[in-house]
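Below is one structure, written out as structure tokens; the observations come after it.
The values are calculated or read from the model by the stated rules, or taken from the named source; none is laboratory data. Everything quoted here is computed from the prediction, not taken from an experiment. A quick note on method: Cβ atoms are made from the backbone with ideal geometry, for glycine too, and the neighbour counts reach across all protein chains shown. Remember, those area values only see protein heavy atoms, side chains included, never the ligands or the DNA or RNA. Shrake-Rupley method; radii C 1.70, N 1.55, O 1.52, S 1.80 Å.
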Amino acid sequence: MKRLYILRHAKAAPGEPGQDDHARALTLRGIADAEAMAHYLRKNGARIDRVLVSTSARTVQTADLVLRELETPPRADYRDTLYLAGAVKILAMLQSAPARAEALLVIGHNPGLEELATLLAREPVRRKERERRDVLEEKFPTGALAVLDFDIARWRDIQPGEGKLVDFVRPKDL
């Protein structure tokens, strides 16, 4: 069994004319939302072995706020290739994760993360799973977290449509 946490960076300041998008930082609301999500993960006993983080300022800040709250901070891999990456590219990164990692967290951007969560989630089996899927498909806002479980032994075996959507949480839900 493998667990995947997909976290969109928290709310960032709008870009200024001429400002590099990569350098946009979190707003005060974004900081509060990231901290709330960190508390949520800790309260729910998240055990994360490895984190893949885009190198943008807003994703690095989100990662810092979340990781310092976890009981055992995992190894973080900061990757330029995650910056605004599409679902297929992110999936390839996940498939190259070490098999010994039971749980991965990816922190990045939309639309790639929303596409990834939708791509990986299976057809819902129960009503609660259907409700979570409906909310996810409606919008994957900043600071939102999708959690999917896969009945696989190695990350290289992760495939579209096979993840059980066990949780979808938005900052406004906390």
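Any residue in segment 116-136 that is in a helix (DSSP H, G or I), small (Gly, Ala, Ser) and open to solvent by less than 50 Å² (accessible area, probe 1.4 Å)? Scanning segment 116-136 turns up at least one residue that is in a helix (DSSP H, G or I), small (Gly, Ala, Ser) and open to solvent by less than 50 Å² (accessible area, probe 1.4 Å). The combined condition, being under 19 Å from ARG8 (Cα atoms), among the small types (Gly, Ala, Ser) and crowded, with 17+ Cβ neighbours inside 10 Å, is fulfilled by GLY163. The residue pairs whose first member lies in segment 132-150 and is more than 13 Å from ASN110 (Cβ to Cβ), whose second member is modelled with pLDDT under 95, and whose beta carbons are closer than 6 Å, counting only pairs six or more residues apart or on different chains, are ARG133/PRO124.
The set of residues in segment 18-35 that are touching a helix residue (DSSP H, G or I) at 6+ places or on another chain (Cβ under 6 Å), open to solvent by less than 50 Å² (accessible area, probe 1.4 Å) and either over 21 Å from ARG79 (Cα atoms) or in a helix (DSSP H, G or I) (or both) comprises ASP33, ALA34. The set of residues in segment 113-135 being of a type outside the set (Val, Ile, Thr) and touching a helix residue (DSSP H, G or I) at 6+ places or on another chain (Cβ under 7 Å) consists of GLU115, LEU116, ALA117, LEU119, ALA121, PRO124.
Name the single residue that is surrounded by the most Cβ atoms within 10 Å (Cβ to Cβ) among those in segment 45-79 being acidic (Asp, Glu) and touching a helix residue (DSSP H, G or I) at 6+ places or on another chain (Cβ under 7 Å).
GLU69
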